[in-house]
Amino acid sequence: MKCENCSKKECSKKQKNDDTQTTSLDALSSNNGSEEKNEFDTLANAKILLSDCLACDSCMTLEEGARVFQQNQKEFFRILNLNKKCDTSKHKILAVSLCPQSLPYFAAKFNLSVNEAAKRLCGFLKSLGVHYVFDTTIAADFSILESQREFVQRYQRRNQEEHALPMFASACPGWIRYAERVLTNLVTSHICTAKSPQQIMGSLVKGYFARQQFNSTAKTGVEEKNVEIALLDELNKSTNLSPDKIFHVVVAPCYDKKLEALREDFYTALYNSAEVDCVLTSGEIVQIMEQKNVSMKDVTEVAVDSLFDGLKEGDVVRHDGKRSDGYLEHIFKHAAKELFGVDVKEITYKALKNKDFQEVTLEKDGETVLRFAAAYGFRNIQNMVLKLKKGKFFYHFVEVLACPGGCLNGKGQAQTEDGKPDKALLAQMEEVYTAIPVRLPETNLHVQRMYQDWLEGLDSKKVQDTLHTTYSAVSQSSSSLDIKW
């Protein structure tokens, strides 16, 4: 999301002990000085402009700043290099999850079909030493299903609870960070509690998948499995695979995902493990390819892995959204059916002030019973919040996304050299994305089985603990750090 006051500039406030803090930051973000050099030392550290995300209002603490700097290619290769050494106690299973909005970028940039792009990206990552490559679509299935249920519940108690409606989508980390760091609980209390697809994927990889892999290894034996299972066997001799033995990387279209991975509620102290250890943008993956002098067209296609033993992913599928995961479309259709018995086949958008603020309504018996909106970009978000505070906001649900144009326009991909959106490439990406077949979350049989077998039922405590979180306004830290990203 673009900050109008400080685009492509350093933070507006400078602390007096700037030099001291910079030194501390370097110390926190670096590995120990005795670490041996390797072929990837020439990789640049992640550089993030203030225009790339919302964390530009003195909201970065010293610790957060250090950890954000670790969200780069060097950290990724640090784990790859550890796995090449003889000390197996330090080895980790390296899993990479691909966001569906990143795949059209690779497809359009390298003139591939989206299925070819997914398989070649998988092949490239595995050639580096990655053990598993997943698609986060299944995590979005869970997030959308939980958001649908929560909206219906909020609608039904709208007359009893002041903050039941409107409900704001919770999938965009830029919007969430802005709401928590800048806005008040008047706004955050309206945010859906369902986790984003990225963080649900973290729970799936470090929870469900880790357990499944241990069970598979125990049953089958190393000699019948490939090299990644042999590594698994080294990592767990007599107990379940611990989450901290998996290094989980997410490839995403925007930089705000890096900040989302740092949230304390997405960290398990018992295992000293985050749900997502590192986020790399689509553009950073291309930088790695350039560093290795690899062309996507020369990479061998490898089928994307699934979370289920022995199965591979088929063709790429998406949800009912032209530029995002389609929360508005899915929740609208579900609510229309559940609350009013109306089966909505097609949704008609009405553009209001601009193409990034659109509304959808459901009429029944001459009355508007559902009023949804999509608000993309900082200016539309500000106008939305202003109307809410004035009591002039009449929408039941809003899909809020920080990036104008939606997730495909994330700042971590499809940018020109001067940091502006590559409009020609974006047009190709939208064409690729809309051509991907839609799969409804309700039709995913794996998800239905996991609700019963892993999550212990639709309304269980485990569902709440695994798929939901809470959002609330937080005060600015006195140790906040203005840094040149």
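If only residues of region 109-146 that are among the hydroxyl-bearing types (Ser, Thr, Tyr) and in a helix (DSSP H, G or I) are counted, the one that is surrounded by the fewest Cβ atoms within 10 Å (Cβ to Cβ) is SER127.
Residues that are within 30 Å of CYS403 (Cα to Cα), part of a loop (DSSP other than H, G, I, E, B) and in contact with a Cys (Cβ under 8 Å, 6 or more places away or on another chain) within region 298-354 comprise VAL304, ARG323, SER324, ASP325, listed in sequence order. Taking the conditions (1) under 19 Å from ALA107 (Cβ atoms); (2) open to solvent by 80 Å² or more (accessible area, probe 1.4 Å) in turn, GLN448 satisfies each one other than (1).
In a residue-by-residue description of region 399-407, the property of being farther than 30 Å from LEU307 by Cα, out of contact with any Phe, Trp or Tyr (no Cβ under 9 Å at 6 or more places or on another chain) and touching a residue at least 12 places away in the same chain (Cβ under 8 Å) applies to no position.
Within region 402-415, work out how many residues are open to solvent by less than 10 Å² (accessible area, probe 1.4 Å) and not in a helix (DSSP H, G or I).
Qualifying residue count, region 402-415: 6.
For region 339-351, residues that are surrounded by 15 or more Cβ atoms within 10 Å (Cβ to Cβ) and either more than 13 Å from HIS396 (Cβ to Cβ) or modelled with pLDDT under 95 (or both) total 4. Scanning region 88-108 for residues that are surrounded by fewer than 23 Cβ atoms within 10 Å (Cβ to Cβ), part of a helix (DSSP H, G or I) and in contact with a helix residue (DSSP H, G or I) (Cβ under 8 Å, 6 or more places away or on another chain) turns up THR88, LYS90.
Within region 388-401, the set of residues being farther than 22 Å from GLN101 by Cα and surrounded by 14 or more Cβ atoms within 10 Å (Cβ to Cβ) comprises LEU388, PHE393, TYR395, HIS396, PHE397.
A count restricted to region 139-185 and to residues that are free of Cβ contacts under 8 Å to residues at least 40 places away in the same chain and in contact with a helix residue (DSSP H, G or I) (Cβ under 6 Å, 6 or more places away or on another chain) stands at 1.
Residues in region 132-161 that are touching a strand residue (DSSP E or B) at 6+ places or on another chain (Cβ under 8 Å) and modelled with pLDDT under 95: how many? Total meeting the criteria: 0. Give the residue, chosen from ARG158, ARG78, ARG154, that is open to solvent by 50 Å² or more (accessible area, probe 1.4 Å) and either assigned by the TED database to the domain that holds CYS403 or under 20 Å from the mean Cα position of the chain (by Cα) (or both). ARG158 is the lone residue from the list that is open to solvent by 50 Å² or more (accessible area, probe 1.4 Å) and either assigned by the TED database to the domain that holds CYS403 or under 20 Å from the mean Cα position of the chain (by Cα) (or both). When region 182-196 is filtered for residues that are closer than 24 Å to GLN101 by Cβ and either open to solvent by 10 Å² or more (accessible area, probe 1.4 Å) or in a loop (DSSP other than H, G, I, E, B) (or both), the ones remaining, listed by number, are CYS192, THR193, LYS195, SER196. Those residues that are free of Cβ contacts under 8 Å to residues at least 60 places away in the same chain and either on the phi > 0 side of the Ramachandran plot or surrounded by 17 or more Cβ atoms within 10 Å (Cβ to Cβ) (or both), I need them from region 278-305; list them, please. Residue satisfying the conditions is ASN293 alone.
Evaluate the following for LEU425: is it crowded, with 20+ Cβ neighbours inside 10 Å, out of contact with any Cys (no Cβ under 7 Å at 6 or more places or on another chain) and at negative phi? For LEU425, the condition - crowded, with 20+ Cβ neighbours inside 10 Å, out of contact with any Cys (no Cβ under 7 Å at 6 or more places or on another chain) and at negative phi - is not met. Take the conditions (1) under 18 Å from VAL398 (Cβ atoms); (2) of a type outside the set (S, T, N, Q); (3) in the same structural domain as ASP277 (by the TED database); ILE144 misses just one of them, which is (3). Among the residues making up region 285-306, those that are under 22 Å from LYS206 (Cβ atoms) and either modelled with pLDDT under 95 or out of contact with any helix residue (DSSP H, G or I) (no Cβ under 7 Å at 6 or more places or on another chain) (or both) are ILE285, ASP305, SER306.
Among the residues of region 366-373, are any among the acidic types (Asp, Glu) and in a loop (DSSP other than H, G, I, E, B)?
Taking every residue of region 366-373 in turn, none turns out to be among the acidic types (Asp, Glu) and in a loop (DSSP other than H, G, I, E, B).
Determine whether PHE308 is outside the structural domain of ALA427 (by the TED database) and open to solvent by less than 30 Å² (accessible area, probe 1.4 Å). Yes, satisfied. A count restricted to region 353-387 and to residues that are under 23 Å from ALA336 (Cβ atoms), open to solvent by 60 Å² or more (accessible area, probe 1.4 Å) and without any contact (Cβ under 8 Å) to a residue 24 or more places away in the chain stands at 4.
Screening GLU329 against (1) modelled with pLDDT under 95; (2) at negative phi; (3) surrounded by 17 or more Cβ atoms within 10 Å (Cβ to Cβ) leaves a single unmet condition, (1).
The values are calculated or read from the model by the stated rules, or taken from the named source; none is laboratory data. Note that the coordinates shown come from a computational prediction; the quantities given were computed from them, not determined experimentally. So basically every Cβ, Gly included, is an ideal-geometry build from the backbone, and we count neighbours across all protein chains shown. The area values use the complete protein model at the heavy-atom level, side chains included, leaving out ligands, DNA and RNA. Shrake-Rupley method; radii C 1.70, N 1.55, O 1.52, S 1.80 Å.
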